[in-house]
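Inspection log for the structure reproduced underneath, given as structure tokens.
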Amino acid sequence: MPGTTIVEPLDLVGLQIPYHFRCPISLELMRDPVTVCTGQTYDRSSIESWVATGNTTCPVTRAPLSDFTFIPNHTLRRLIQDWCVENQAFGIQRIPTPKQPADPVMVRALLTQASAVSSPFQPRLSALRRLKGLARDSDKNRSVISSHDAREVLIDIVFSDTGSSELSVEALAVLVMFQLNESECELIGSDPNRVVYLSRMLFHSSIEVRINSASLIENVLSGTRSPDLRAQISNADEIFEGVVDILRNLNSYPRALRIGVRALFALCLVKQTRHKAVQAGAPATLIDRLADLDKCDAERALATIELLCRIPSGCSAFAAHALTVPLLVKTILKISDRATEYAAGALMALCSESEGSQREAVSAGVLTQLLLLVQSDCTERAKRKAQMLLKLLRDSWPEDSIGNSDDFACSEIVPF
């Protein structure tokens with residue numbers, strides 16, 4: 001990979017890495033050398049891992065680390081970079097200049113500035129944008145920011161400064177980079193005005209704001225245990241329409257697809273409001289977007305399809321889409337065990353309600369797929385669904401479907 005330095009190939013071609021360029025812990029070329037209080041220098045990632053596992057001594061000297069501050073060794077880093085440039089002929093990539101981790105004092109000052117309602121607008125906005133930049137840089141920065149009660153501050157700005165939309169949307173952009181705890185989710189979800197505000201923001205003129213709103217909705221739903229509270233959130237006006245519209249019209253944005261599928265799945269876990277997803281056009285949108293999703297998101301989409309097939313209006317909507325049954329049949333054994341299980345479950349629901357869906361499934365080759373499934377290493381639940389579906393469809397098989405198939409002559413499904 002570009003930017004990655006591998007030690008073994010260098011040794012094989014006879015290029016010796018200078019001893020003082022190697023981290024004493026990893027023995028690899030240092031990319032971000034830092035000096036600890038004992039005067040020894042290590043690669044930042046290595047010494048941070050050393051300390052994170054409970055070690056309190058210097059790895060080289062074994063002297064106690066009285067101070068866990070790591071000071072960047074800029075001089076050594078520049079020497080390493082120069083050495084990389086001089087040895088490019090050996091395939092050495094120049095190490096990039098690392099971004100320095102967020103300073104806790106600076107983070108505290110930025111949060112104070114951003115939350116100061118008596119301060120002028122521009123300094124507050126600048127502080128939020130600085131925080132957003134720091135949070136995007138690294139997990140380490142997000143950890144530092146979070147440790148200063150940032151989520152509570154950001155929630156307050158998102159929902160208290162709705163009159164100043166710029167402050168609210170900037171705080172929202174920072175907030176969605178953090179995982180909320182249950183009390184924070186309840187703080188948002190239990191306030192109808194806050195839920196309505198997020199629902200409205202799903203239709204904002206900015207694509208980023210729309211996606212961030214969907215992300216926070218998903219975060220809150222996933223972090224809330226109360227069924228009543230989840231039902232209250234999913235019952236908000238136009239919340240399904242907003243999420244489905246993101247999936248339908250922002251499919252050229254990978255993050256929009258990912259967040260949209262996750263938010264829709266979280267909303268559809270609430271049984272009482274699934275009909276709203278159908279009314280918002282979720283069935284057709286899910287089928288149209290299924291091929292655009294990666295493995296994890298395709299699993300969520302298929303799980304959502306199965307959930308919506310559990311209600312009559314959902315079954316009817318999926319059955320009315322010409323690609324539903326062929327796509328579900330094709331999905332079996334193609335993506336993952338979970339995807340196969342959800343696809344089989346959705347087909348079972350559709351074929352139970354519609355003879356037309358049964359004929360479509362047979363025409364799409366479901367017999368072969370199901371027989372392969374019951375003989376595979378897939379989950380037992382998926383196999384049970386496949387066996388139930390085979391029994392349901394047994395009157396729909398062409399007369400010679402099974403009898404002429406040598407491949408499945410020994411299948412335990414044959415005696416039906």
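No value in this document is a laboratory result; all are computed from the given coordinates. Treat the numbers as computed from the prediction; the structure is a model and nothing was measured. Every residue, glycine among them, receives a Cβ derived from its backbone with ideal geometry; neighbour counts consider all protein chains shown.
Cα-based values for segment 19-90, radius of gyration first and Dmax second, are 12.8, 43 Å. Of the cross-linked pairs 271/330; 334/383; 330/385; 271/391, those separated by over 23 Å at the C-alpha level are 271/330; 271/391. Between 143, 168, 49, find the one with the highest GNM mean-square fluctuation for the chain; connect C-alpha pairs within less than 10 Å. Of 143, 168, 49, the Gaussian network model singles out 49 as fluctuating most. Were the residues from residue 321 through residue 100 laid out at 0.36 nm apart, the gain over their Cα-Cα distance would be 74.3 nm.
Under the criterion of Cα pairs below 8 Å and six or more residues apart, the relative contact order for segment 19-90 equals 33 percent. Per residue, the average separation of C-alpha pairs within less than 8 Å and at least 6 apart gives the chain a relative contact order of 7 percent. Under a Gaussian network description of the chain, with springs only between Cα atoms under 10 Å, the residue in 212, 235, 73 that fluctuates furthest is 73. Sequence gap at least 6, Cα distance under 8 Å: using those rules, report the relative contact order of segment 102-178 to the nearest whole percent. Computed value for segment 102-178: 32 percent relative contact order.
Charging the Cβ of each Asp and Glu at -1 and of each Lys and Arg at +1, and nothing else, the dipole of the chain about its Cα centre rounds to 640 debye. The phi torsions of segment 287-301, fed into the Karplus equation with coefficients 6.51, -1.76 and 1.60 and a -60° offset, translate into couplings of 5, 5, 9, 4, 5, 8, 9, 7, 4, 5, 6, 5, 4, 5, 4 Hz, rounded to whole numbers, with Gly and Pro shown as x. With the cut-off at 1.5 for a/c, could you classify the chain from its C-alpha gyration tensor as rounded, prolate or oblate? Since a/c reaches 1.5 but b/c is at least a/b, the shape of the chain is classed as oblate.
With the simple model of a label 7 Å out from the Cα in the direction of the Cβ, residue 86 to residue 55 spans 3.0 nm.
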